[in-house]
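Remarks on the structure that follows.
Bear in mind these aren't lab numbers, they're just calculated from the coordinates by the rules spelled out. On a predicted model such as this, the values are computed, not experimentally measured, just so you know. In this analysis, Cβ positions are derived from the backbone assuming ideal geometry, glycine residues included, and neighbour counts consider all displayed protein chains.
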Amino acid sequence: MGEFKVHRVRFFDYMPTAIRAMAFNAHTERLALARMDGSVEIFNFTDHYFQEKVIPGKDSRSIESLCWVGGRLFSAGLNGEIAEYDLENLRPKYSLEAYGGPIWTIISNTQGTQLAIGCEDGTVKLFEVLEEHIQFERNLDRQKGRIISLSWHPSGTHIAAGMMDMIRVFDVPTGHAVQRLLVDRGFGGSKSRETVVWSVAFLSDHTVVSGDSAGKVQVWDGHTGTLVKTHLVTKWDVLALSVSKDESSVVAGTSEGTVIQFQFIAPTLHQQQDKEWVRTRTFKNHTHDVRALAEIETAIVSGGMDTHLVVRPLLEKFDEKSHASGLRKIHFPHVIANNINLSCAKKAGLLLFQFPGQLELWRLGDSDEHGKPGDRLPLKRKPEKLLLLKRKGEDHICCSALSSCGGWLAYSTVSSVRIYRLQTDNNNISITKVSKLPKALHSAHQLCFSSDSSKMFAASSQSSVLVIALTQSECKYVHTLKPKSGSRQPIHLMTTSGDGKWLAAANSDCEIHVYNLQKLKLHCIVPVYGSCPSAMGIHPTTNNMTVVHADQQLFEYSIVEKQYTDWSRKLQKQGLHNVWLDRDTPVTHVTFNSKNPNQVVLHDMHMFCIIDQMFIHPCPCHNGLIGFSGLFYNQMTLRSLSEQERPSHLHAFKICKTFQVSLLFLASLLDDQSLVVVERPLLAITSQLPAPVRQKKFAT
Amino acid sequence: MVEHAEIRMVHRGGSKINFREPVITNDSRFLLCAAGESVNVYSTSTEEYVHDLQGHTGLVTGVVLNPSNHLQVYSCSADGTVRLWDFTDAILIKTFIIGYPIYSIYVSEKHGGVVFLVVPMANYKSSELFQLVAVHLPHSGDQEVEARELSAVLCDVSPHAGAASFGREGEYIAAVRGLQLEVFFFKKQKSYRFSLKSGKKKGAKNAFTCISCHPKEDCIATGHEDGKIRMWRNFNQKKEYTYSTLHWHHGAVNTLCFTPEGTNLLSGGIESVLVHWHYTQENQKDFLPRLGAAITHIAVSPDGSLFSTSHSDNKITIIQSCVKVSAVIQGLVKGDGVWTNLIIDPRSKALVLNGKPGHLQFYSLHRDKQLYNLDIVQQEYIHEEGLDQFEVVKAAFDARGDWLATVEERRKKGAELEINLKLWAYDELTQSFVLNTTVTAPHEDQITAMFFSPSPETTMLVTTSLDGHFKAWLLADHSDANEGFWACDFVGGYHLLKPGCCSFSADGSLLSVGFQEVVTVWSPASWELLTTLSQPPGAIRDLCFGRLSCSKYLLGASTKNQLCCWNLLTCSLEWSTPMDVSLLQTDPLSENMAAFCSQSGSSDLFVFKPSEPRPLYSQKALCTGKVQHAVFAPRDQMLESCEERTQWLNRSQLYFFTQHMDLLTFSTKTEEDRLLASSKQLMVDDSVAVTPFYLLLGKHRGQQLEKQEALTNPMAERTQLPQGSIAIKELLHTPAHVLPSASFLCAMFVRSLLISSSSAREEKEHEEGEMEREEEDSEGEADPRLGESAAWGPPEEFGAPALTKAQERELRKVKTFDHSWLSSLLDC
């Protein structure tokens, strides 16, 4: 007899979109990432590459290039518009038509006073960056042919522009082109095709590095306009280039999925003159085009058509082997922040899947039979798609929620919130839109229903939470809960307690506010921990809140007593096991077993874990002596031990790693003690990707 | 002549020339390579063997040019010495005694007077740990110097050549072993280690195989087992080092070498393709494919014009200007094993055995050179593991060398055996063998033995096979104008027993076939079973008829430690002795027989006459393992040893293969002395590369002339022509700027011509005086003229010793004349 009946849901055919552009802000250590569907994601590199924010996309918007100016983020795209983003409200602040046709690239100078864009019509347009806006300044000399890539000299006096078959160097004060660097075409059949200079980099010693569609990385002297060196790196395109901060290394991303590093090395040791660019390492972490690259202090970040974001640490920058030196592959970061993509009606057995353009409502299958652990039970009723709801308007859906009774459904875009009433009698389902919504409710970062479905909570701007009362006929604005700290960051997590008394909300400043819903006021603030909470849940009976942070730390906080529980203190004193701390992916969901109040159910993208607070916790201090296998047994090895030995090896963390080849989106306990696991095999995702460039493999 | 009758086992010929990286001299004229216990010097332009540097008593494990004198080389050996040679004259200059077996040697220009050697770790003599030590070579006038001041540089290095390399200007040395690269900087006395992960998880094999440092820049190239080449840079930092990867080879990279200017990197591996990487433009590479066998070493001449690649089939290829194979120095090919017996080709006196897959090689033992390859199988050889190929397993020559019979077979697992018997006729025109008859499936099972009848009347071939029969093959009569073909003449058997060996008597009148325990004797003329001899227990392994005075004896070796000798006249056992004989071999030129016995892991040799109970020579513990192949090779010049122990070596030399495929032979002290003397003596004209060929030709020509004169007029003008010709030659060969004035020379030249015609009488007198002195020299000998006439008349067998004498004397004479002429020139 198994502990749980498990629904393994595999009909969620979620497909992430390709990465198009990337920009790294070295001051705030935030990486901005643009995807093909126009959405922008912000990763915090100081906090375990945690995905802090997601700005949802829009149908008409396509982003070709991203650029940070101080803490402000700009994007430009083929729709010909420049947009600035409001990172606090997770929406575009404004967008500006540049009147130059599709824009291929946007850059800023190092001083952060000017922006330059490269347009299809061959103009480089300069914009002045003002306090709250940007303003067109002037055009540089118009060229024939489109401007594909731009790079500003660090001194700000020159701009290198990659075009078709050539590179132009502009003098910024006069606006005239001073150099014309002709780029060779490819060999053989591609001779007749124009070479596209996909990327250029202008170094402070006036060296121009270019990557083009003929597969070359070329080094030019920007003063004289002469070619210094050609590295033929691939048969296909070199799509992206990135220079390290100290200009000692350049990385190039190719269509073959490789990232090639070039280093500025003196030919002889002890003598630092006459350095030259030498091709050194090759990293192959992608299967498809590498479209976006960023070389940061300690790592190379790359992303492309295969939708993965890969953080490849440069081992020489680390003193010793540590957590940060491991290779990271962040598969589908859309879903890391929270299970915003899907929600589950625990009582009704319904699942809501959120896609950028639509919502799908499914009813889970059912089975009467019982079996041994590991058995596959035959289904009495097959899972059923009840509803497909297409969104209105251009904006993509940013969040959605389903009440636990299955009677309410709500979703929000950047511009509007919609609430629907669902009625399911036997096999009929009817949906009615709640027509009158309170004015205050115009957009939400998070939506959440109370457990009795009488209230809905919407996370609004400046970390405030709107409380909406739901009745059969209408919905009514009740109150706005505001934090005392005055944080302007958006809320990314919200959870309510089972008895409907408490609401916890976490924002990107790592603060967690607990509100008393009966008194409609702030109850307490959980002590701020240095890492962003990645998942939290309030225990239905004890009202203890379990919080898991991006750095894998685990806390339990008693809301009633306003302090950490004894178990949590003991855990912190003992420390967590290294194997637990070294995991790549943050915990995305916390839920509880109503039958056994000691059990906390956690999961991340690849594993599923039950923490039993009754058992001893594996102690990290033995780690060095006995090693991982000595103490951190997983369930399989435990099962193989004899009955006498087993208790001595039992520990609090019970980990199930069945999901290593697939992504785990949601594991939630339904009221009838059955576990819903929504997974997506990785193979299913990779098989939907377009075919990679053809490569001859040896011996095939 | 005083004889030191010491018989020594020596490597002579057939040694591995691909064992270590060869050295090309500064002027690119010579190539030096370690070959067994000596260093061979070859001419790079003619691929001829010039001479060798003899003196080491162990395997030579490395040769390097002396960085401070480009006319000298250092060689190191497993005998624990480093020797310094003048390679142009093959003179040993100095011997440094190190005291430990040395595995490789490295030198650098910056470290003058210091050699870097790889020796076993002192504390772990037996184990497999090696260290790189620097040895200061002491300056001293002595020939033999002890150099025991070793200072360790790197510990735990690989003993293989090519596992260490000096960096730019000798500032550092880099060595690889296993998964680790270590770079030692001499100035800072600091070493950096870089290790790679084994990479087994990802299917890569990252272990290092070889290393080469860029001569001008700080870049180290390392080869790896999975065929990758890594170029390391910035290796003076523990963390910020960096490398790039090149990948073309699909098998392990065996060797790497930068050209002296550093513009190119050469690499080679099992693909037998020389890959030519352009430094800094690694995407561009050139290939020199189809080099024949896997490349094991690459060497580049100091001016970069010549490359040499050593190959796994014991071959050195010399490549000119990166693209053209200009010369091939081919040693004895020792593939996976010797399948055929060792045979001596009666015509060329070459050693014949299987060489390259599907080929038969003809190897001249005297010149230590492969003469040619005969393609037997005549099928494309596909290099792939686990593929069954046709192999040449048997070969035999008839007595005159007109016919060659070969057997090739291919055994597939679980499939039928494929056998072909091929008969080849010698073609005088093309000077090689031409296929005459192919018999597919001559027997139903493996052929165990194959011999031609030695009788001069008939050419008959007998094959015995495990299918229970022996077959006689005869050349069908020449009824039509064309050559005849071979056909089966007789099929014999004996009680369905399996024949294991056969042997013809020396005159071909008897054939004995060993059917397990029974020896049958047949008459080939009538195919009549004459008698059976049997001496159980044990199956007969080897059969041999005695020769010359012992031809009435038949010897057989059985598997059950018995060596039996039957008297064919009485058809009874003459004697038998308990011996585990693994190989029985007869000397074709004498009564002697050699028996190799394996005893407790090593082999013993007994040389005996069947008629005498006492062995002529015995040597215990010859080598480890069983000796399976041996042959008596007739000498071209007979020795005159009176010593009883060495007499058996007078007419022929015994060559044998040890288990480790080393070709060894026996040599006496006298012989070695003679060789040494001749090599010194013949060092006359160094304006031309002295090749044996040249010497042979020159000598022969001189002798011919002398002979003619001796026939017409024994005394008159005997040395006139040679003398005159030498004078002219000297005149023509001396560089113009050192010649005396033309008027002076002209007079002398004319006079030299005049002498020949006018004052012959006077010369003759002088000549006679010379001769008398000569006679006095060789006391108690017969009239030299008599010896001379004997030298040219009868066949070699009788006159050979006299001939040697005569020749030697002639040579000495030529030499004295040389000197007289030279002195006369100087006096004038």
With T = 25 °C, eta = 0.890 mPa s and Kirkwood Rh from C-alpha pairs, the Stokes-Einstein D of the stretch B:382-423 in µm²/s is about 208
To the nearest 0.05, the calculated FRET efficiency linking A:LYS5 and B:ALA476 through their beta-carbon distance, R0 being 60 Å, is 0.10
Quote the Stokes-Einstein diffusion coefficient, in whole µm² s⁻¹, for chain A, based on the Kirkwood radius over alpha carbon pairs, a temperature of 37 °C and a viscosity of 0.692 mPa s.
120
How high is the relative contact order of the stretch A:454-609, in percent, counting Cα pairs under 8 Å that sit 6 or more residues apart?
12
Exposure-ranked with fewest Cβ neighbours within 10 Å first, A:VAL465, A:VAL69, A:VAL217 stand as A:VAL69, A:VAL465, A:VAL217
Can you pull a Stokes-Einstein diffusion coefficient for the stretch A:401-472 at 4 °C (1.567 mPa s), Rh from Kirkwood over Cα pairs, as a whole number of µm²/s?
103
Over 19 Å between Cα atoms: which of A:LYS482/A:LYS521; B:LYS552/B:LYS609; A:LYS484/A:LYS573 fall into that group?
A:LYS484/A:LYS573
Give the value in nm², to one decimal: projected area of the alpha carbon convex hull of the stretch B:225-314, averaged over all directions.
6.5
In Å, what Rg and Dmax follow from the Cα atoms of the stretch B:495-551?
11.2, 35
Principal axis extents for the stretch A:436-494, Cα atoms only, whole Å, descending order, please.
35, 24, 17
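Give, in whole angstrom and from largest to smallest, the semi-axes √(5λ) of the equivalent ellipsoid of the stretch A:378-532, with λ running over the eigenvalues of the Cα gyration tensor.
Equivalent ellipsoid of the stretch A:378-532: 28, 17, 16 Å, largest first.
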So what is the orientation-averaged projected area of the stretch B:285-391, using the convex hull of its C-alpha atoms, in nm²?
8.4
How large is the convex hull of the C-alpha atoms of the stretch B:1-156 per residue, in Å³?
148
Exceeding the 18 Å Cα-Cα cut-off - candidates B:LYS205/B:LYS356; A:LYS245/B:LYS197; A:LYS697/B:LYS228; A:LYS144/A:LYS229:
B:LYS205/B:LYS356; A:LYS245/B:LYS197; A:LYS144/A:LYS229
What is the stretch B:523-668's relative contact order, in percent, from Cα pairs under 8 angstrom and six or more apart in sequence?
14
If N is the number of residues in the stretch B:176-294, what value comes out of its Cα radius of gyration divided by 2.2 N^0.38 Å?
1.06
Most exposed first by the Cβ proxy, i.e. fewest other Cβ within 10 Å, how do A:LEU227, A:LEU503, B:LEU84, B:LEU548 rank?
B:LEU548, A:LEU227, B:LEU84, A:LEU503
Suppose the Debye formula is applied to equal point scatterers at every Cα of the stretch B:593-670; what is log10 I(q)/I(0) at q = 0.18, 0.26 Å⁻¹?
-0.76, -1.33
With the radius of gyration and the Kirkwood radius both derived from the Cα set of the stretch B:519-634, what is their ratio Rg to Rh?
0.97
Expected integer from the mean partner chain Cβ neighbour count at 10 Å over A:227-234 is 2
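Relative contact order of the stretch B:418-525, please, whole-number percent, based on alpha carbon pairs below 8 angstrom and at least 6 residues apart.
So the answer I get is 19 percent.
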Which length gain, in nm to one decimal place, applies between B:HIS160 and B:VAL750 when the Cα-Cα distance is subtracted from 0.36 nm times their residue separation?
206.1 nm
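Taking the number of other C-beta atoms within 10 Å as the exposure measure, put B:HIS311, A:HIS48 in order starting with the fewest.
Values: B:HIS311 23, A:HIS48 20.
Going from least to most buried by this count: A:HIS48, B:HIS311.
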Given charges at beta-carbon only (K, R positive; D, E negative), |dipole| of chain A in Debye:
1580
Calculate, in nm to one decimal, what A:ASN139 and A:TYR99 gain on full extension: separation in residues at 0.36 nm each, minus their alpha carbon distance.
13.3 nm
